[in-house]
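Remarks on the structure that follows.
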Amino acid sequence: MLDPDTYVAQGLKAVDQLVDSGDLITALKACEELLRVNPYHHGAQSTLSNIHVKIEKQNEDLVDHDIQNTMKLWDEHRYDDLRVIYGKLLKFSPNHKKLLSLVSKLNETFTEEVKKAHKELKDKARTAIESLIKDQKYDDALLACTELSEYFPQDAEAENMIKKMRYSVIDAKLEENKLLSNTADFMAAEAFYESLLKIEPSHKRVNTLLSETREHDTKSRILDSKIHLNESIERMKKLWNTHEYEKVDQACDEILQQDARNFTAKIYKKKSASILANESDVLEQKQLAEQWQKMSEEYNKDRTQFITI
């Protein structure tokens, strides 16, 4: 069993290979898994940040191509189509400068009549989403939020309403799973809180719960590692007491894989290696003596079979 730091260090090498091969999504998931083991590992945090930058750059390149294909829609005044398309593109690249500029330009085309129609649509959407949440149809409510967000890209009023609706879904899910915060199943708790943050990353309570869960998980892993290490040392000492020195040597190697600086394992490995070496010498001398005795008997029976030096 590897200690957390060694596990993360080896995992980061695999993540670097995935990044080099261009498999950014798998690299992202792998790096997030490493941060579950140790959320405070600076190397993993830095790698995750770099992966996000690469993914964003990759998305920007794809969005550039899609934007170019929408230029003809401007000439045809197909603003509703543009609104839907740009809303979807913003999900892939929310900081794309040209895209944000085009969305701003698109919002300026709204007439008072259109603005009034949009307000009525938002009010109806709010009522419908609130009803879905009340009926615990969370997936349908979130889908409606996504569709509304895509239809009203970069609309402050719509974004604020959608954020409140998503908060309502998260709060309802938290209430339904409130016992999870006291569970020892940290992986299940982490997965649950991470799924909530995918709905709305800014939810403070969920971020706090996730941080606390990861901290407890890290402490639990470290404790489990120490317990496993102590158990391994006790097994090794029992082997020593029964004079099973080869097994002692193997047990020491396993302990040193968990803790390369373990003083006890180093001492017992050195002692067992010395005993095994002595036993080997004794065995060799015994074999030589037996061979010499056998040859002496053969020599006394027939000396002509031997060369005299």
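Before moving on, here are some points about what is shown:
- Checklist (1) more than 17 Å from the chain's Cα centre (by Cα); (2) surrounded by 15 or more Cβ atoms within 10 Å (Cβ to Cβ); (3) assigned to a loop (DSSP other than H, G, I, E, B); (4) not charged (D, E, K, R) applied to Thr70, failing item: (3)
- Count - residues of the stretch 183-203 that are β-branched (Val, Ile, Thr) and either surrounded by 15 or more Cβ atoms within 10 Å (Cβ to Cβ) or within 21 Å of Leu34 (Cβ to Cβ) (or both): 1
- Filtered residues of the stretch 79-94 (kept if surrounded by 14 or more Cβ atoms within 10 Å (Cβ to Cβ) and assigned to a loop (DSSP other than H, G, I, E, B)): Ser93
- For the stretch 36-62, residues that are touching a residue at least 40 places away in the same chain (Cβ under 8 Å) and either part of a helix (DSSP H, G or I) or of a type in the set (Val, Ile, Thr) (or both) total 2.
- Filter result for Ser195 (touching a residue at least 60 places away in the same chain (Cβ under 8 Å) and not in a loop (DSSP other than H, G, I, E, B)): no
- Any hit, the stretch 110-119, residues being surrounded by fewer than 16 Cβ atoms within 10 Å (Cβ to Cβ), at pLDDT below 85, among the aromatic types (Phe, Trp, Tyr) and farther than 30 Å from Leu223 by Cα: yes
- In the stretch 241-266, residue farthest from Thr6 (Cα to Cα) [restricted to those that are in contact with an Asp or Glu (Cβ under 8 Å, 6 or more places away or on another chain) and in a helix (DSSP H, G or I)]: Tyr245
- Annotation for the stretch 174-182: at least one member residue is of a type outside the set (Gly, Ala, Ser), over 22 Å from Asp3 (Cα atoms) and in contact with a Lys or Arg (Cβ under 8 Å, 6 or more places away or on another chain).
- Any chance Leu180 is farther than 30 Å from Asn38 by Cα and either at pLDDT below 90 or under 28 Å from the mean Cα position of the chain (by Cα) (or both): no
The values are calculated or read from the model by the stated rules, or taken from the named source; none is laboratory data. What you see is a predicted model, and the numbers here were worked out from it, not measured in a lab. Virtual Cβ from ideal backbone geometry, glycine too; neighbours counted across all protein chains shown.
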